[in-house]
1. In terms of solvent-accessible area of protein heavy atoms at a 1.4 angstrom probe, what is the ranking of A:ASP111, A:ASP188, A:ASP142, highest value first?
2. Ignoring ligands, DNA and RNA, how do A:TYR40, A:TYR140 rank by accessible area with a 1.4 Å probe, largest first?
3. If you take the charge dipole of segment B:83-189 about its Cα centre, with +1 on Lys and Arg Cβ and -1 on Asp and Glu Cβ, which of B:ALA121, B:ILE163, B:VAL88 is farthest toward its positive end?
4. Buried by at least 20 Å² relative to the chain on its own: which residues of segment A:116-156 qualify, computing accessible area with a 1.4 Å probe on protein heavy atoms?
5. With the contact rule set at Cα under 8 Å and sequence spacing of 6 or more, what percent relative contact order holds for segment B:159-308?
6. Students sometimes get this wrong: rank A:PHE90, B:PHE347 by accessible area, probe 1.4 Å, all chains present, largest first.
7. So what's the net charge close to A:ILE33: Lys and Arg +1, Asp and Glu -1, counting the other residues with Cβ under 9 Å from its Cβ?
8. Among the lysines, which have Cα under 24 Å from the Cα of B:LYS241 when same-chain residues fewer than 8 positions away are ignored?
Amino acid sequence: MTDGPPPGTPSPDLPEPLPDGTATHPSSAPLAIHDMTVAYHRRPVLWDIDYDAPPGQLTAIVGPNGSGKTTLIKAAVDLVPRASGDVRFFGSAYHKVRHRVGYVPQRGSVDWDFPVNALDVVAMGLYKQIGWLRPVTRRYRDKAMHYLERVGMADYAKRQISQLSGGQQQRVFLARALSQQADVYLMDEPFVGVDAATERAIVIILQELREAGKAALVVHHDLQTVPEYFDHVLLLNMRLVATGPITEVFTPENLRATYGGKLALLDQVGHRMTLNQGRS
Amino acid sequence: MSSLRHPPRMSRSLCGRRRWLTLALPLVLAIPSGLFAAPPPPADDHSIAARVTTGTSGTSLSDNRIRWPGWEKISDTLLLRQYNTRIVLLGAILLGIGAGTVGTFMLLRKRSLVGDVVSHASLPGIAIAFLAVELAYPGNGRSLPALLLGALLAGLLGVLCTIGIRRFSRIKEDTALAIVLSVFFGVGIALFTIIQKLPTGQVAGLQQFIYGQTASMTSADVSLIGLASLLVIAVSTALFKEFGLLCFDEEFGRSHGWPTLWLDLALMALVVCIAITGLQSVGLLLVVAMLIIPPAAARFWTDRLGSMTIIAAVLGGLSAWLGGVASALFARFSAGAVIVLAGTVFFLVSLAFGTRRGLLPRMRRQWSNNRRIGRHDLLRAVYEMLEPHLDSAPPDASGDPLGDIPFTRDQVLSRRSWSATRLSRLMDRGTRDGLLTAVTSGWKLTASGAQEARLVARNHRLWETYLILHADIAPNHVDRDADLIEHVLEPDLVSQLLETVSARYPQMDMPPSPHPLEPGH
Ligand SMILES: Nc1ncnc2c1ncn2[C@@H]1O[C@H](COP(=O)(O)OP(=O)(O)OP(=O)(O)O)[C@@H](O)[C@H]1O
Ligand SMILES: [Mg+2]
């Protein structure tokens, strides 16, 4: 912990200025993004993002394709360099609290023919606990098995990963993130390409995380299910359109501002929203 | 002599299932050039450059007849009676084990050809080191430490050039590898020609870096090779978990705070280490084969990284041992060529018989699968045909009434769109397996056939009903033909399905927990 911040991150000595007096205290916020701009090859794709994630809540990150949702998450966990701005997890820079942050990337970036089985993949989430140069002992394999059970994949522990279906692969990678026992999870489209059973399983896991007092930020594309699964929403389209509790922020006007012209879909959602609000 | 250099296109996705095949081919093509590394040619008429560019055809093969060793020599070599043989073999085996271990990670990281770049790029380093030492201490140019140091530096420079080209231009990795490899190799050959023209120019001894000559190694050389290989083996064992993570999911490793860049460099350093130490015994043309072939062969036998590494190390050590023995027995044999040849044989055997991905085991699995499906199809067809007659069958306390109803082949045929030949084949096999017996009026199920038919039909109907009622949550990777529903679904769901099915098929007696379809399944 004695080493200084890596080059490029602003020095962490100054206290965080509170962005427009929001209720959440930035030092306790699972994720606090301040004034963040991200650019690929000098072309900014995220502008001036100011955002405090609420603790102990499930937040949906919603926006059209190419709106920068993946970029937001990757920039938060230092996988993409930030042009400016500052990101804090629980008041500290990411590299100091990595173990408290679980990141589940968008699917399909690994070599599926790699000689590992589902259990091996989950155990990778425990490597930091195991430490340098030590082998994966039985104790850690049992631990990994526990997380496979939690996502309902215990029967597939010994399968080579290419022999799993897309949804099953997704669950294995979710188990790998869970095994880390982080306090905040960033998940990039965990619901894409999964059947209803897997979707339900993931939702149950998210709810369990919330009950355990953990926060999760989940990129989600299905507007219909946003109010059902999440408490908060972050509407994004290169800039932050709106953020807050679903009941206040997930409105047809805000969605229109986020998605632009695709009205047919949005009116449908808006209709659903009014129904939901009428019910509650 | 295009076969000297392995085509760079191999570097892309070496891990694809079909692409394993393409690995061995260029290497096999490369063998004839190295197999008969001739003794040092007279310096005046055969320059190294000429030999490299025209192959060994200049020194006619018929002049170099293989001399068969006597029995005594064979047994001496195999039993390691001579100190010299023992030491040379030990070095080669350690090198093979080290190469197999590191090669596994490089193959999985799709970087196998980095070893090739290192070894080819080392040629100008060797030449420059020779010239430099010769300039300072005339007559001492052939000093191994100096030559290896030159090779090491040039090899590293080659790797750095590859990384630089990839980083700062839009050129893809395979092209960058090919550019660096051929430019460095070309410069090396030009330098060798210059050395040849020098008054003191004695390339004799330098050419072994191209083709490799295990037999000429001294025990000091061998201890260097052995030490380097042991170091490589020790480091890759210690960092096994970390290297595995790096190769499988670099981004995840990085987000967890593992120093992936340093791990990558460490892995690269191990490859450089192996490629340079292998120069002398295997030669720069073939050292990459030691890095590629054993891991590629190992992949056919296992789906786990640990066992793949061990198998690759064993195969690497084994082919190095064979190569060492051959080159000790036949003075003209290049050890490198025999090592590669042995490795290729292992590769082909693995390709054919490898238990995980080998062609024959896969065909056999497919075949037995088809057979099982056919057997179940037949039994279910017969069951469904006989079911309506079950009530009218004479009640028999001892046996299953299903086995008492005769049926004909045409009856089965009329219920299924099978060809007559397929049905005959299925029924022949069923008879052989003791499921059916021929009777005067046609066929009957045997007792075990009847039992299995009930089970198959029951399982099928339960799955069918389940899919109709709960299609949205159907587990998608169930083999509905083989997986007993009880093994996959929860008990209360199964009993609910049992009720539904029993109501629809009153004749079917639905035991709550059936015996397994096939033992051990
Ligand atoms: N590596 C990259 N280099 C250059 N531009 C990039 C890169 N990755 C993303 N972009 C651009 O950045 C913008 C945001 O991309 P991002 O992947 O964050 O979108 P997203 O919201 O995750 O979209 P999707 O819903 O399709 O996943 C896009 O316009 C994209 O073209
Ligand atoms: Mg995305």
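1. On the way: A:ASP111 30, A:ASP188 5, A:ASP142 80 Å².
The residues order as A:ASP142, A:ASP111, A:ASP188, largest area first.
2. Details: A:TYR40 90, A:TYR140 30 Å².
Ranking A:TYR40, A:TYR140 by accessible area, largest first, yields A:TYR40, A:TYR140.
3. B:ILE163
4. Listed by number, the residues meeting the 20 Å² cut-off are A:ASN117, A:ASP120, A:MET124, A:TYR127, A:LYS128, A:TRP132, A:LEU133, A:TYR156.
5. Working: 85 pairs, mean separation 39.2, N = 150.
About 26 percent, as a whole number.
6. Values: A:PHE90 40, B:PHE347 5 Å².
Highest to lowest solvent-accessible surface, that is A:PHE90, B:PHE347.
7. Working: positive: A:ARG88; negative: A:ASP35, A:ASP50, A:ASP52, A:ASP86.
Summing Lys/Arg as +1 and Asp/Glu as -1 gives -3.
8. List returned: A:LYS96, A:LYS128, A:LYS143, A:LYS158, B:LYS110.
The values are calculated or read from the model by the stated rules, or taken from the named source; none is laboratory data. This is a predicted model, so every value here is computed, not measured. Every residue, glycine among them, receives a Cβ derived from its backbone with ideal geometry; neighbour counts consider all protein chains shown. Please note that ligands, DNA and RNA were not included when accessible areas were found on the heavy atoms of the full protein model with its side chains. Shrake-Rupley method; radii C 1.70, N 1.55, O 1.52, S 1.80 Å.
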